[in-house]
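Below: one structure, written as structure tokens.
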Amino acid sequence: MNTKVIVVIGAGSIGQAIVRRIGAGKHILLADINQANADKASVVLSEAGFTVSTTKVDVSSRPSVLTMIKVAQGLGDVAGLIHTAGVSPSQASPETILKVDLYGTAIVLEEFGNIISEGGSGVVIASQSGHRLEPLSIEQNKALATTPTEELLALPMLQLNNCERLASCVSAFKKRKFLASYGRGCSLGQTRRKNKYD
């Protein structure tokens, strides 16, 4: 029987809490942009009895995500994805927030959709900030759900100079959280996104 691997992107408290709930009997790959954070979390989880490996990843870089996936596949069958990584207005500019939190999430879902084992699943964690922004229009929701990943950041609605909603870091952060929660549908295990616009 092959080892089941759960990839956890973001080695903070939320990722560690999820590992404690679902990680028994599986190999956990903790991935973080800061290797030291992943290593520190690995020690804590290993001492609690979990089998853990670590790797570094920048979710806004497709080559980095693909490298992480190769590491995961080298450990066993990738059966799950927990994506908790992201940046907030206190950490980054609106442009970086969109690149990491929106574009990066789209890359992760797209690439894991190509390789996750049959019956696998994934979840993207977003805070309640996603519910604080006024609702997006039907057209905006459709654009976010169906635009190819490499074209997402060029959408007019995401241009800071054309959109009052993104006039501040806080607005960009709220939009990302909303998008992570509702804007893009992905059925892991299939290379094509499935959503209500198909």
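Condition first: closer than 20 Å to LEU158 by Cα and surrounded by fewer than 20 Cβ atoms within 10 Å (Cβ to Cβ). Can you find one or more residues in the stretch 70-88 that meet it?
At the first step, the residues of the stretch 70-88 found to be closer than 20 Å to LEU158 by Cα are 86-88.
Then drop every residue that is not surrounded by fewer than 20 Cβ atoms within 10 Å (Cβ to Cβ), which leaves 88.
Yes; the residues of the stretch 70-88 include at least one that is closer than 20 Å to LEU158 by Cα and surrounded by fewer than 20 Cβ atoms within 10 Å (Cβ to Cβ).
Write out, first by first residue and then by second, each pair whose Cβ atoms fall under 6 Å of each other, whose residues are 6+ apart or on separate chains, and whose first residue, in the stretch 4-23, is within 21 Å of VAL65 (Cβ to Cβ) while the second is among the basic types (Lys, Arg).
Taking only residues 6 or more apart or on different chains, the pairs are LYS4/LYS26; ILE6/LYS26.
What are the residues in the stretch 31-54 that are farther than 18 Å from THR105 by Cβ and assigned to a strand (DSSP E or B), if any?
Let us first name the residues in the stretch 31-54 that are farther than 18 Å from THR105 by Cβ, namely 34-54.
Correct list: THR51, VAL52, SER53, THR54.
Checking ASN34 against (1) surrounded by 15 or more Cβ atoms within 10 Å (Cβ to Cβ); (2) of a type in the set (S, T, N, Q); (3) free of Cβ contacts under 8 Å to residues at least 40 places away in the same chain: exactly one of these is not met. Which one?
For ASN34, the exception is condition (1).
If you scan the stretch 46-68, which residues turn out to be β-branched (Val, Ile, Thr) and over 17 Å from ASN34 (Cα atoms)? Give the steps one after another, and end with the answer.
Taking the stretch 46-68 first, the residues β-branched (Val, Ile, Thr) are 51-52, 54-55, 57, 59, 65, 67.
Of everything in the stretch 46-68, just one residue is β-branched (Val, Ile, Thr) and over 17 Å from ASN34 (Cα atoms), namely THR51.
Given the structure, is VAL52 of a type outside the set (Gly, Ala, Ser), surrounded by 17 or more Cβ atoms within 10 Å (Cβ to Cβ) and over 23 Å from LEU152 (Cα atoms)? First the steps, then the outcome.
Numbers: of a type outside the set (Gly, Ala, Ser): yes; surrounded by 17 or more Cβ atoms within 10 Å (Cβ to Cβ): yes; over 23 Å from LEU152 (Cα atoms): yes.
Considered against the rule, which asks whether it is of a type outside the set (Gly, Ala, Ser), surrounded by 17 or more Cβ atoms within 10 Å (Cβ to Cβ) and over 23 Å from LEU152 (Cα atoms), VAL52 comes out as yes.
For GLN91, work out the one condition from (1) crowded, with 16+ Cβ neighbours inside 10 Å; (2) free of Cβ contacts under 8 Å to residues at least 60 places away in the same chain; (3) closer than 26 Å to THR67 by Cβ it doesn't fulfil.
Looking at each condition in turn, GLN91 falls short on (1).
Every number here is computed from the coordinates shown, using simple stated rules; none is lab data. This structure is a prediction, so every number in the text was calculated from the model and none was measured. Positions of Cβ are generated from backbone atoms using ideal geometry, with glycine treated the same way; all protein chains shown enter the neighbour counts.
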